[in-house]
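Notes to accompany the following structure.
Laboratory data are not the source of any read-out in this text; all were calculated from the coordinates shown. Remember, predicted model here, so these are calculated numbers, not experimental data. Note that each Cβ is placed from the backbone with ideal geometry, even for glycine, and that neighbours are counted across all protein chains shown.
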């Protein structure tokens, strides 16, 4: 059965193919993906690798956790299932209050 691994602290230049190629040294890689920001398309600095078996996943953790790739020290461990998160609030950032400026009050220029 395939086992999914979390790979953190990736260089922003790391590609899916580079991740696949690197982890293939530990065994058969079923999938490898670097997560990207939806707005910018830039890497978020982490990804997931799915290894074919538990043994290959354990070997990958042993081989790559704490090792360097692209000038960054990797964090590699078994991926945890996504947890339920509360919905995000619409409207962007909230800084409190409704007035800006130095005085905070109304001014007529």
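Some observations on this one:
- In region 21-32, the qualifying residues are those that are more than 17 Å from residue 1 (Cβ to Cβ) and surrounded by fewer than 21 Cβ atoms within 10 Å (Cβ to Cβ), and the one that is farthest from the chain's Cα centre (by Cα) is 25.
- Test: residue in region 61-70 that is touching a strand residue (DSSP E or B) at 6+ places or on another chain (Cβ under 7 Å), in contact (Cβ under 8 Å) with a residue 24 or more places away in the chain and under 10 Å from residue 5 (Cβ atoms): yes
- Note on region 41-68: among residues that are at positive phi and assigned to a loop (DSSP other than H, G, I, E, B), the one that is surrounded by the most Cβ atoms within 10 Å (Cβ to Cβ) is 66.
Yes/no matrix, rows are residues, columns are (1) part of a helix (DSSP H, G or I); (2) surrounded by 14 or more Cβ atoms within 10 Å (Cβ to Cβ):
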{"site": "13", "(1), (2)": "no, no"}
{"site": "19", "(1), (2)": "yes, yes"}
{"site": "34", "(1), (2)": "no, yes"}
{"site": "39", "(1), (2)": "no, no"}
